[in-house]
Amino acid sequence: MSGFIASERSDGIMYWRYEDLRRDTTDEWTRTMRQVMQDLDVRHGHFRCLVHFATGAMPTPYLTTEALKVMRDIPPTLAMSVAMVSENNMMFGIVRFAMNKVAKTDYIRFFDTDEEAITWLKERQEEFE
């Protein structure tokens, strides 16, 4: 069983929690991410997601490679807002590394708490309405 737990809040914000970043977790995340992006792009939706990394979610070379592929494949027409919270500061470093490898990353923000992240995601929704 992977360490990726995906749910959706009643306000439409996706809540994706990572207990670990093993290969099976990364594979489940990439499949889910690609499917959700495709579905939202067809509907002209807004991808709003709070990504929460647990303490055990340690970055791996495989995760980095796959994350870069996903980031490069984001449809240019898809509105994106990703708020990240991590119990492990190493994750922010690896995400920043990945952000430097792709062109458009202004849709990603880092937060200390889930509450701060949710507030920002709600504000971003207003920008796209």
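None of the figures in this text is laboratory data; all of them are computed from the coordinates on show. Everything numeric in this text was worked out from a predicted model, so none of it was measured. Virtual Cβ from ideal backbone geometry, glycine too; neighbours counted across all protein chains shown.
Can you give me the angle between helix 114-128 and the longest principal axis of the chain, using Cα atoms only, in degrees from 0 to 90, rounded to the nearest 10?
So the inclination is approximately 40 degrees.
Go through [x] 1.35; [y] 1.02; [z] 0.92 and flag the label whose value is the computed Rg/Rh (Cα atoms, Kirkwood Rh) for this structure.
After the calculation, the listed value that fits is [z].
Near the amide H of Glu8, under 5 Å away, which other amide H atoms are found, from residues 5 or more places off or on another chain, if H is placed in the peptide plane?
Tyr15
Which angle between 0 and 90 degrees, to the nearest 10, do you get for helix 23-42 versus the longest principal axis of the chain when only C-alpha atoms count?
The two axes meet at around 10 degrees.
Considering only DSSP beta bridges whose two residues both sit in the stretch 4-128, what percent are antiparallel, to the nearest 5? If you can, show how the numbers build up before the last one.
Numbers: 5 of 22 bridges.
Restricted to the stretch 4-128, the bridges split so that about 25 percent are antiparallel.
Could you give the length gained by full extension between Glu127 and Leu68, i.e. 0.36 nm per residue of separation minus their alpha carbon distance, to one decimal place? Don't skip to the answer; put the middle values down first.
Details: separation 59, 0.36 × 59 = 21.24 nm, distance 2.63 nm.
Full extension from Glu127 to Leu68 adds 18.6 nm.
In the stretch 1-75, which trypsin sites (Lys or Arg not before Pro) are in a loop and have at most 12 other Cβ atoms within 10 Å, using DSSP for the loop call?
On the way: sites: Arg9, Arg17, Arg22, Arg23, Arg31, Arg34, Arg43, Arg48, Lys69, Arg72; in loops: Arg9, Arg22, Arg43.
Here the sparse-neighbourhood loop sites are Arg9, Arg43.
Given H placed 1.01 Å from N in the peptide plane, which residues other than close sequence neighbours of Met84 have an amide H under 5 Å from its amide H?
Hits under the 5 Å cutoff: Val51, Arg109, Phe110, Phe111.
Using the eigenvalues of the Cα gyration tensor, what equivalent ellipsoid semi-axes result for the stretch 1-76 when each is taken as the square root of five times the eigenvalue, whole Å, largest first?
On the way: eigenvalues 89, 50, 17 Å².
The equivalent ellipsoid of the stretch 1-76 has semi-axes of 21, 16, 9 Å.
Nearest 10 degrees is fine. How inclined is helix 61-72 to the longest principal axis of the chain, computing both from alpha carbons?
20
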